[in-house]
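Inspection log for the structure reproduced underneath, given as structure tokens.
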Amino acid sequence: MKNSLKAIVFNSPGEISFGEFELGPCQRSDIIVKTLYTMVSSGTELRVLGGHYGAAHKFPFIPGYSVVGEVTFVGEEAQGFRVGDLVTGRDGRAVPGINSLWGGQASEHVYVTKGEERPVLLPAGAAPLDYVIAEISAVSLRGVEAAAARAGESAVVIGQGLIGAFSAAWLHARGCRVIVTDIETGRLERALKWGALAAVDGRDADAEGRLRHLLNGGADIVVETSGTSAGALLAYKLLRKKPQAYGPEYKVEPIGFYHNDWPRLVMQANYLEPISINPFAFVAGEGMVILAPKDRGIEERQKAVEAIYRGKISASSFIDKPVPYRQAVEAYKALRDDRNKNFSLIFDWTQD
């Protein structure tokens, strides 16, 4: 089976074009998916466009890892999928003649049907655009689940790019008091619209003091998504200190009182520069749990789809009007150069 596909290609740092390639071999247990929409993982894709995350030696390549599409072919040994199914997919099989990081920004894909890379089925009658957030939001969901967020807890999310915005939304869905901070006004306004309790401008001279006031003693959970050393160093300062004495007399509570109840720091970002810390001073009080989730698994992806279906999180809070994929060159540059105005980027592959 020889199909051709169109793809967005990162040629070299900062340079974007289009390419046409032959679809790779389809194994007997694979499926073929025609792309309807893709979502740009703005932080990751802009950094690989700049040559980071190991991209410098992989140019040219097809970027992206968030696809919603329709199954057009099912291999004779593939199980669980039907022609016409709508799915959300991540990393498909490699396209011959071009590198991938991670190959999502293309008009067609060959997917395996077993293991972590298999697509996730969408509910019957689903509107495809509603689920374009599933893959990227599942990354944030893994961090929130790792933190075991509970209703009534206070949570701060540092950074309101996609990963931060989704992290805040998942915490809100768990019933947490969610406070966000960022240096872009547009991102803060968006967070308030979907229900964040408060949004603090990180450029304010008293931003840390403002956050502390809102937290009343510290946060049970801090999610750091800015990917900056300043964000990482602020994160630990905002955590609630345990044990902590409230009375005038010095008292050391038994540390066993706090087992399984330490404040949690979720490092949901990659850092281009090294960060130096004093471990003793870095820890809030006498203990904290540091979590660094690396990827989403099939269960987080399925849970994200179910949450969208049940209305716990809505794509309309995070996406604007899709852009035809042929406008990718201009769209990526706008996303890079004006992050206040351009929060997210969705490509429409339904029209050539």
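Using alpha-carbon positions, what is the distance between the centroids of region 134-162 and region 268-344, in Å?
Taking the Cα centre of region 268-344 as reference, the centre of region 134-162 is 9 Å away.
Might you report the magnitude of the Cβ-based charge dipole of region 201-324 about its Cα centre, with Lys and Arg at +1 and Asp and Glu at -1, to the nearest 20 debye? Present the calculation step by step, with values, prior to reporting the outcome.
Values: 16 positive and 16 negative charges, 55 e Å.
The dipole magnitude comes to about 260 debye.
So, counting K/R as plus one and D/E as minus one, what does the shell of residues with Cβ under 13 Å around Ile31 add up to?
Numbers: positive: Arg28, Lys34, Arg82, Arg93, Lys114, Arg118; negative: Asp30, Glu70, Glu76, Glu77, Asp85, Glu108, Glu117.
Net local charge, Ile31 excluded: -1.
Relative to the longest principal axis of the C-alpha atoms of the chain, give the angle of the C-alpha long axis of helix 134-146, reported between 0 and 90° and rounded to the nearest 10°.
The angle comes out near 30 degrees.
Note down the nm distance, to one decimal, between modelled labels 7 Å out along Cα→Cβ at Gln27 and at His52.
Simple spin-label model gives 3.4 nm for this pair.
If the reach is capped at under 19 angstrom between alpha carbons, list the lysines near Lys303, excluding any in the same chain fewer than eight residues apart.
Cross-link targets: Lys114, Lys294, Lys312.
Tell me the net charge near Arg336. Cut-off is 13 Å between Cβ atoms, Arg336 excluded, with +1 for each Lys or Arg and -1 for each Asp or Glu. If you can, show how the numbers build up before the last one.
Numbers: positive: Arg47, Lys333, Arg339, Lys341; negative: Glu15, Glu45, Glu330, Asp337, Asp338.
Charge balance near Arg336 sits at -1.
Take the Cα radius of gyration of the chain and divide it by 2.2 N^0.38 Å, with N its residue count; two decimals is plenty.
So the chain has a normalised radius of gyration of 1.05.
Quick one: accessible area per residue over the chain, 1.4 Å probe, rounded to a whole number of Å²?
Values: 16320 Å² over 352 residues.
The answer is 46 Å² per residue.
Tally up the carbon and sulfur contribution to the accessible surface of region 177-278 as a whole percent, 1.4 Å probe, everything protein left in place. Display every interim value, and only then the final one.
Working: 2910 of 5690 Å².
Taking all protein chains in place, region 177-278 shows 51 percent carbon and sulfur surface.
Please state the relative contact order of the chain as a whole percent: Cα pairs under 8 Å, 6+ residues apart?
With pairs under 8 Å counted, the relative contact order is 17 percent.
State to the nearest 20 debye the size of the charge dipole of region 76-217 about its Cα centre, where the only charges are +1 on K and R beta carbons and -1 on D and E beta carbons.
Roughly 360 debye, rounded to the nearest 20.
Could you size up the charge dipole of the chain around its Cα centre, putting +1 on the beta carbon of Lys and Arg and -1 on that of Asp and Glu, and report it in debye to the nearest 20? All intermediate terms of the calculation are to be shown ahead of the outcome.
On the way: 39 positive and 41 negative charges, 89 e Å.
For this selection, approximately 420 debye.
Taking only Cα atoms and a 10 Å spring cutoff, compute GNM fluctuations for the chain and point out the largest among Ala55, Ala134, Ala334.
For the chain, modelled as a Gaussian network with Cα springs under 10 Å, the answer is Ala334.
Answer with one residue from Gly115, Gly195, Leu46: the one whose Cα lies farthest towards the positive end of the charge dipole of the chain, charges on Cβ with Lys, Arg +1 and Asp, Glu -1.
Gly195
Tally Lys and Arg at +1 and Asp and Glu at -1 over the other residues with C-beta under 11 Å from the C-beta of Tyr131: what net charge comes out?
Net of charged neighbours comes to -2.
Over region 1-159, what percent of the accessible surface lies on carbon and sulfur atoms, probe 1.4 Å? Please report the intermediate quantities before stating the final value.
Values: 2940 of 6050 Å².
The nonpolar share, carbon plus sulfur, comes to 49 percent.
Could you name the lysines in cross-link range of Lys321, using Cα to Cα under 18 Å and dropping any fewer than eight places away on the same chain?
Lys193, Lys333, Lys341
Return the lysines within reach of Lys241: Cα separation strictly under 25 angstrom, same-chain partners fewer than 8 residues apart disregarded; answer none if there are no such residues.
The qualifying lysines are Lys251.
DSSP beta bridges in the chain, what fraction antiparallel, as a percent rounded to 5? Mind showing how you got there, number by number?
On the way: 31 of 58 bridges.
Antiparallel: roughly 55 percent of the beta bridges in the chain.
Is the shape of region 19-133 rounded, prolate or oblate, going by the alpha carbon gyration tensor and its root eigenvalues a ≥ b ≥ c, with a/c under 1.5 for rounded and a/b larger than b/c for prolate?
Values: a/c = 2.27, a/b = 1.45, b/c = 1.56.
Here region 19-133 falls in the oblate category.
To test your reading of the geometry: what angle, between 0 and 90 degrees and rounded to tens, separates the Cα axis of helix 185-194 from the longest principal axis of the chain?
90 degrees
Where does the chain land at 222 nm, in deg cm²/dmol rounded to the nearest 500, when only DSSP H runs of n ≥ 4 count, each adding -39500 (n - 2.57), divided by all residues? Can you show the working numbers first?
Details: 9 runs with 87 residues, N = 352.
Helix contribution divided over all residues of the chain: -7000 deg cm²/dmol.
The values are calculated or read from the model by the stated rules, or taken from the named source; none is laboratory data. Remember, it's a predicted structure, so these values are computed and weren't measured experimentally. No Cβ is skipped: glycine too gets one built from the backbone with ideal geometry, and neighbour counts run over all protein chains shown. With ligands, DNA and RNA removed, areas are computed over all heavy atoms of the protein, side chains included. Shrake-Rupley method; radii C 1.70, N 1.55, O 1.52, S 1.80 Å.
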